[in-house]
Amino acid sequence: MSLECLGNLLRITLSAEYFEDKYLSLFIVDQSGTAWELDEAMAAQCGYTVTYNTWRNIEFRASALSCHSHLQKDVFTLTIQIKASHAPDMSNATTHLKSASCHYGPWSARELICESNYMEVSVRREVPQSIKDFIQDEPEDWTLVFPEAKAEEASIWQTVFHQPEEKRALLVSSAWSAGYGLNTTDSRVVLRVPYTAAQVQLLEDQGITFAVLRSSTFYKYQWVILMVDTAVACPVGGVDYTNKTITWTVPKYVPPLYAGVTSFKDVLVEAGVDLRKLSAKEMASRKFVLLNELKAITMKIPIGAEGGYYKTSVNNGQLGVKYAINLFLEHQWEDNKWRLTKHTIIKEIETPFEQTEVAITNNLNLSARLMNVTVGTFLPDVELLNLTIEGVAVAVPEAVQHGYLIHRTRYANGSTAYVMQVPLDAPTVKKEYMREDMRAYTLNVTLTFITYPSSETFVVPVTALSAVKDAVLPSAGGFCDGRNLHLIITRGNVDQNWLPFISDWHLTPEAAQKYNYILRDNGTHLAISVPFLSPHVGYEGFHNSAIKASFHLTLKDGITLAQRRDFSVSCLFSPSELIQCLPNGTVIITAIKLAGGEDLDTALLVLRDRQCKPSLVTEKTATFKFNVDTCGTSRKSNSTTTTYENEVLYFRPGNDTPIYQLKFLCSYAVKQTADVRYESKKNPPPSVKPGLGCLTLSLKLFKEQSYSEPYQESEYPVVKYLREALYFEVELLQPKDARLDLNLDDCWATNSQSQDSLPKWHILDHGCENNKDSYRTVFHKVDYSLRVKFPQHFKRFEVRVFTFVQGTSLLQEQLYFHCTVVICNTRQQPLDIFCPRRCNPGEHRLAHRVHPHGQVSSGPVLLRKKN
């Protein structure tokens, strides 16, 4: 603590360094030793002021005539007690006691103090000599006339407040209850009033607002009541900010202070900062201007001048600064009423809010792999409160657990900055591949700061980006084993979120299993194995000795789907992989679509006998199975072998010259000896036993004739206009058996979900269109595609929206559609009457007993009326 005597004021400054992070309580100790805790109301009533400055030091000021000052001759003494504790309940508090004495004198007849929280007027107690010489000749006490005065123990009896509408008299006890401070010393009468008191008026003089209290105070002397003028006025306005300059104007002649005055003369005008008077030379060095004009005193101070300080301010969450300076003005004058008056004004001035930006710098320490992010600079009244990391608020001491090392840097001018050291490999640092060998490291964190003593908070979002040449891209190697292509990708440090794609098809484990691909990922390596004859294998360079097969894989960004890396493996395979020459004369040949022949339809490939078509078709292959004595196969023989030759051909419509030609042959030895072991065993005659299994069927409604997008469950009910087309697809989901063929039996519509409800209308009858329909059902062909592996497992048809009527009235305007389905075995010979895979009008209901069958439904479809 340090203390200063500044005229009729005492100042005690408490060190911020010692009291930092502590809770404080201030007490005033009276002459009996009793400690009174100081609060705002008591401070304004008794002549005390507590403020802070930019260094967060606590400043305590007391008037020489404060309630608890001990005034003896021209020396006033005050004792304060400070309690400091780390706990808000002030437990285990440390107590500090400080007594201070200051000399002040001589006193003026009238002294006025304008503090930041109160106004004070003290006048000299003077008794006319005629009263002193008067000898009372009556024994009666004057209080018999004024009994209420006897109740007041103080020598002050009452104060009368002069207001425009009335005069109000308050006894001393009532005035104290109203917040006024009334006191007398041996030589003075004191009145102290808070700015918020009820009788305080706001008046304007020369356009400047004053807080004014007009009052007369009555006090007793022996049997005489004396009255003194205790009016007080303090400027609350008069400050202007222009051209980076503060202009403070104080009018000289404020009417309440000059009541009854007929002559006036300036005696002294002095000014300063922080209650210290400045000489003319000191003012000039600081570029202060003090003008003592006829009607007013004016001070001009450059914003940012020595003696003031900048303080942090927050406005609507935005960070800014204000310049603050504590000005001091003392004006003394003589007049014919009071002789000498001393008017002391303390003015705490703050400039308007000015927004500022927070500087953020990032210095990368590459050798230590640390991001050094400096935030600031800040004024000394700012502290870091917490960090928000990935949406979670973290206290500063706990930030180290997240990899954040934070320290505060103090500069010579008192400002501070905060430095965050964050490892590049911290989990909260986002890593992103940029290009070539570059990776971008991004730190996103929000810092919350608090200002003292105002406890305002503001946030600073910090985004720090560092580009580092440490990217390790994935690499790949491949090989083939005669039947499969294998691609092995070694992971780098940038592809944790990269996904494998084949063209635009995401290769997931489920998708790979669908095509019998093998996909393995152990975190460091990604391995893919695909069969030689696969939909995603490309073929080129077809020769008698070899076929070149290639498999391409792309790694894409998992968020943006941007293409990052392409890999491929290519191998030469023997043409024997495409042909099987069975001993019984059966030939199985697979023709493949070569690179550059994307428009070739493998379903239209034929053998020399163009009636011989493929038995199995995929997007890139067509497989033929035939006997060597069919399909236009030629034969050549010699003494040892017989060779059969045919070729796979592709013709464009209207052209007899093939654009695709694949010749193949099978050779058989004319003579061949084989040992066959035969053992006769009597076997029971074969028998057929019925079995049970599950069929999984679906009936879906599609949005367009392309049958590319079905309506999802969340989109039902589907709303359509009358006669608008509905596109249905019936699918055999399980089992996936190429020998099975799906056939439609009956399809009908109802206006409720029940298949057996009435009314109902047949749209298919025994697999045929309903002849009674105005708009007949239309069948659509199903071709092979990525989604359709077995076209025989699908049936598609188109129906026009209709509605049920009863007389001339529409029934419920919704439709449900139902179908009965029969599954046939295409290898069963001969086909029975129900499984010729075409429309069969007539009665054949008994077929249900021997063929698997089921029922499917879809809906509802709502009818929308046109305006």
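What is the distance, in nm, between label points placed 7 Å from the Cα along the Cα-to-Cβ direction at LYS760 and at TYR18?
It works out to 9.9 nm between the two label points.
Put a dot 7 Å past each Cα toward the Cβ at GLU577 and MET434; how far apart are the dots in nm?
4.3
Given labels modelled 7 Å from the Cα in the Cβ direction, how far is it in nm from GLU398 to SER454?
Going by the 7 Å Cα→Cβ label model, 2.9 nm.
Over 19 Å between Cα atoms: which of LYS772/LYS795; LYS295/LYS342; LYS625/LYS736; LYS548/LYS663; LYS548/LYS625; LYS548/LYS593 fall into that group? Don't skip to the end; give the middle numbers.
Working: LYS772/LYS795 22 Å; LYS295/LYS342 17 Å; LYS625/LYS736 21 Å; LYS548/LYS663 17 Å; LYS548/LYS625 24 Å; LYS548/LYS593 12 Å.
Pairs exceeding the cut-off: LYS772/LYS795; LYS625/LYS736; LYS548/LYS625.
Find the relative contact order for the stretch 40-131 and round it to a whole percent, using C-alpha pairs within less than 8 Å whose residues are 6+ positions apart.
Numbers: 114 pairs, mean separation 18.2, N = 92.
With pairs under 8 Å counted, the relative contact order is 20 percent.
Can you compute the FRET efficiency between SER809 and ASP737 using 1/(1 + (r/R0)^6), with r the Cβ-Cβ distance and R0 = 60 Å? Round to the nearest 0.05. If you can, show how the numbers build up before the last one.
On the way: r = 49 Å, r/R0 = 0.81.
Efficiency, rounded to the nearest 0.05: 0.75.
Helix-derived [θ] at 222 nm for the chain: sum -39500 (n - 2.57) over DSSP H runs of at least 4, divide by residue count, nearest 500?
Working: 7 runs with 38 residues, N = 867.
Value at 222 nm, helices only, nearest 500: -1000 deg cm²/dmol.
Under 20 Å from a point placed 7 Å out from the Cα of THR409 along the Cα-to-Cβ direction: which residues of the stretch 345-368 have their backbone N that close?
Taking a point 7 Å out along Cα→Cβ of THR409, the residues of the stretch 345-368 whose backbone N falls under 20 Å are 357-368.
With the full set of protein chains in place, find how many percent of the accessible area of the stretch 213-338 is carbon and sulfur; take the probe as 1.4 Å.
Numbers: 2920 of 5720 Å².
Within the stretch 213-338, the accessible surface is 51 percent carbon and sulfur.
First measure r as the distance between the Cβ atoms of MET227 and ASP30, then evaluate 1/(1 + (r/R0)^6) with R0 = 35 Å and state the FRET efficiency to the nearest 0.05.
Numbers: r = 29 Å, r/R0 = 0.84.
In this case the efficiency is close to 0.75.
Given that just one value was derived from the coordinates, which of (i) 264; (ii) 200; (iii) 393 is volume of the Cα convex hull per residue in Å³?
(iii)
Considering the zone a paramagnetic label at LEU722 would reach in this model (a point 7 Å from Cα along the Cα-to-Cβ line), which residues of the stretch 788-825 have amide N under 11 Å from it?
The answer is 802-805, 809-811.
Averaged per residue, what accessible area in Å² does the stretch 289-352 show with a 1.4 Å probe, protein chains only? Please list the in-between numbers first.
On the way: 2660 Å² over 64 residues.
With the other protein chains kept in place, the stretch 289-352 gives 42 Å² per residue.
Taking a 1.4 Å probe, which of HIS86, HIS853, HIS793, HIS780 shows the most accessible area, and what order do the others take after it? Could you put the intermediate results ahead of the total?
On the way: HIS86 135, HIS853 95, HIS793 0, HIS780 40 Å².
Heavy-atom accessible area, descending, gives HIS86, HIS853, HIS780, HIS793.
Carbon and sulfur atoms: what percent of the 1.4 Å accessible area of the stretch 578-660 do they account for? Before the final figure, lay out the partial values.
Values: 2270 of 4570 Å².
Answer for the stretch 578-660: carbon and sulfur cover 50 percent of the accessible area.
For the stretch 236-275, what is the accessible area per residue in Å², given a 1.4 Å probe and the full set of protein chains?
Working: 1840 Å² over 40 residues.
I get 46 Å² per residue for the stretch 236-275.
At 1.4 Å probe size, what's the solvent-accessible area of TYR775? Round to the nearest 10 Å².
120
For the chain, give the share of DSSP beta bridges that are antiparallel, in percent and rounded to the nearest 5; count only bridges with both residues there. Numbers along the way, then the final one.
Details: 281 of 291 bridges.
Of the beta bridges lying entirely in the chain, close to 95 percent run antiparallel.
Ignoring ligands, DNA and RNA, what percent of the accessible area of the stretch 371-423 is carbon or sulfur (1.4 Å)?
Values: 1310 of 2420 Å².
C and S fraction of accessible area: 54 percent.
Assuming 0.36 nm per residue, please report the length gained on full extension of the stretch SER634 to ASP274 beyond their Cα-Cα distance. Present the calculation step by step, with values, prior to reporting the outcome.
Working: separation 360, 0.36 × 360 = 129.60 nm, distance 11.89 nm.
Separation in residues times 0.36 nm, less the Cα-Cα distance, equals 117.7 nm.
In square angstrom, what is the accessible area per residue of the stretch 526-608 with a 1.4 angstrom probe? Don't skip to the end; give the middle numbers.
Details: 3760 Å² over 83 residues.
Result: 45 Å² per residue.
In debye to the nearest 20, how big a dipole does the chain give about its Cα centre with +1 on each Lys and Arg Cβ and -1 on each Asp and Glu Cβ?
On the way: 88 positive and 93 negative charges, 906 e Å.
Charge dipole of the chain: 4360 debye, to the nearest 20.
Largest first, what is the accessible-area ranking of ARG286, ARG827 with a 1.4 Å probe?
Values: ARG286 50, ARG827 160 Å².
Of ARG286, ARG827, the descending order of accessible area is ARG827, ARG286.
On the full set of protein chains, 1.4 Å probe, figure out the accessible area of PHE210 and give it in Å² to the nearest 10.
Accessible surface of PHE210 is approximately 0 Å².
By per-residue mean of other Cβ atoms within 10 Å, what is the highest-first order of 340-347, 518-525, 761-768? Kindly include the intermediate steps, with their values, before the conclusion.
On the way: 340-347: 20.4, 518-525: 11.5, 761-768: 18.4.
With the highest mean Cβ count within 10 Å placed first, the list reads 340-347, 761-768, 518-525.
Using a 1.4 angstrom probe and counting only protein chains, how large is the accessible area of ASP266 in Å², to 10?
Result for ASP266: roughly 50 Å² accessible.
The values are calculated or read from the model by the stated rules, or taken from the named source; none is laboratory data. Everything numeric here is computed off the predicted structure, so don't read it as measured data. Note: ideal-geometry Cβ built from the backbone for every residue, glycine included; neighbour counts use all protein chains shown. These accessible areas exclude ligands, DNA and RNA; they are computed on the full protein's heavy atoms, side chains included. Shrake-Rupley method; radii C 1.70, N 1.55, O 1.52, S 1.80 Å.
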